[in-house]
1. Please compute the contact order of the chain in relative form: average sequence separation of alpha-carbon pairs under 8 Å and at least six residues apart, divided by the residue count, as a percent.
2. Considering only protein heavy atoms and a 1.4 Å probe, what is the carbon-and-sulfur percentage of the accessible area of the chain?
3. Sticking to Cα atoms, compute the Rg of the range 125-270 to one decimal and its Dmax as the biggest Cα-Cα distance, whole number, in Å.
4. If you roll a 1.4 Å probe over the heavy atoms of the protein chains, what accessible area per residue do you get for the chain, in Å²?
5. Which aspartates and glutamates does Lys440 reach when only Cα atoms under 15 Å apart count, and residues fewer than 8 places away in its own chain are ignored?
6. Nearest-5 percent of antiparallel DSSP beta bridges in the chain?
7. So how many Å³ per residue does the convex hull of the Cα atoms of the range 352-410 work out to?
8. Using alpha carbon centroids, what distance separates the range 156-226 and the range 28-56, in Å?
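The values are calculated or read from the model by the stated rules, or taken from the named source; none is laboratory data. Predicted, not measured: the structure shown is a model, and the values here were computed from it. Positions of Cβ are backbone-derived with ideal geometry, glycine not excepted, and every protein chain shown enters the neighbour counts. Just so you know, the surface numbers come from the protein's heavy atoms only, side chains and all, with ligands and any DNA or RNA stripped out. Shrake-Rupley method; radii C 1.70, N 1.55, O 1.52, S 1.80 Å.
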Amino acid sequence: MKTGAPGGILNILTEDAMLRIQHAALALLQDPGIQSESNLFLDICGRGGAQVDREKRTIRVPPDLVEAALKTAPPSWILHGRRAPEMDLLVEPCRVYYGMGGTSEPMVWDHSLSRPRQPTKDDMVASTRVGHALANIDFVQTICMSGDKPTGQIFFHDFDAIFRNTTKPTVLNILERPFTQLLLGIAAAASGGEEALRNQPSMLGIVTPVTPLKIAIMNEGIIDAVNAGVPILYSPGPMMGATGPATIAGTLALTTAEVLFGVVLTQLIQPGAKVVLKPDTDVFDMTTTQCTYGSPEQNLGKVAMAQLARFYKIPIYSLGGGVEGKVPDAETAAEAMMSMLLNGLAGINLNQSLGSMAFGLYGSQEQVVICDEIVRQIKHVLRGIVVDDETLALDVIREAGYGGSFLGADHTVRHFRKELYFPFLFQRKTIDQWLDSGSKMSHEIAHDRVQEILAKAGPAPLPASVDAALEQALNYALKETDRIAGRS
């Protein structure tokens, strides 16, 4: 089992600021509260002790209900690999992991064409295999989509590709109930049955309410996901200046209110349900109308939310490596490093979107490889400095004496491999060595690494019974989708 890199040493909010944001969030949950399109959510919250106005369709949540929910939401649990204990992640505050991709992205970067193009299911398979092979990618999501499949069936094909080509954890899209039930059927088949999914969940379920302060009928699949034992990512996405206040503090208050409602809702559905805060602090760029991926104010918001999550003792998941850059170059590497390092220092547990580019419109296998190297650097930083008699090395310093050398010392032999960082991808070469080796740029070396992985990679091994059950569940979901859409 992986135990994550140690984070959580970066604090950006004063104690007074923390308290003011928390009080503001609780005030918003009471006035105006959350509006619900769904009668199911009104019923659940009404039975649970919230003040429900059915005419206005509002849910007012008192502070004691929030406090109770925070007590029953578990602070620590395991996100499992599928039949692969070495891929298990211990999820609890300040343990840091990094994952490839996000939700299905409409294009994919094609290195041979030097531009994005429409992706296929084969691209999904290849990208998943790249993510599986990279040692510092802890969980795998999509950096493209099965774009050659019918629109209403793309998600099912995406997850079929994931379940067949990696044993690392992933993230399911939780939407309306019929879709969610079909997708959970596929997930259960890949897990070895409903009981296996419930006892050893290897996926999170992402729920995206309507910001500001609204939950939709489309979100009703959360009920099925919680009952199936799938941990919930509750993911409001206010954009500063558009669907949220233009100030970071105001966006933090709104986002905190919404994720706390997510905690309350999961605990009312099933006390003890696993829940992860996913408080996006997105920014609406006034010049392009895009949602930013690498802006400084967005990073400040994420660091602040991580501090709040540590206070609440609830795990947190956030955008960590997604970038605005369009090609795997200096811009994308700088944007990725900034967010990934800040997130790690802040202790964000699950950092997504490594490899995602152009505001999440497409992903790049080469960018994933570059991000894998960045994670290696960040882990080296996060592990900190060991200070003891052995590492202080006073006897070694004295033995070397004035103007002496440490190259031949046994102490150097014992420690240099673990104390010093040696890059895999980035080129620590002399100029002559670099020229003699072809003078390749980092994205070209990353492409070579992708090709090397794909030349050797194959599908993840599935027991025959699981393979058959997964195929049956996929075919059933496709047929049901056709039936619901009136295509059969």
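1. The value is 20 percent.
2. 57
3. Computed over the Cα atoms of the range 125-270, radius of gyration and Dmax are 16.4, 47 Å.
4. Values: 20870 Å² over 488 residues.
Heavy-atom accessible area per residue stands at 43 Å².
5. Filter leaves Asp329, Glu366, Asp432, Asp448.
6. 40
7. 145
8. When both Cα centres are located, 25 Å separates them.
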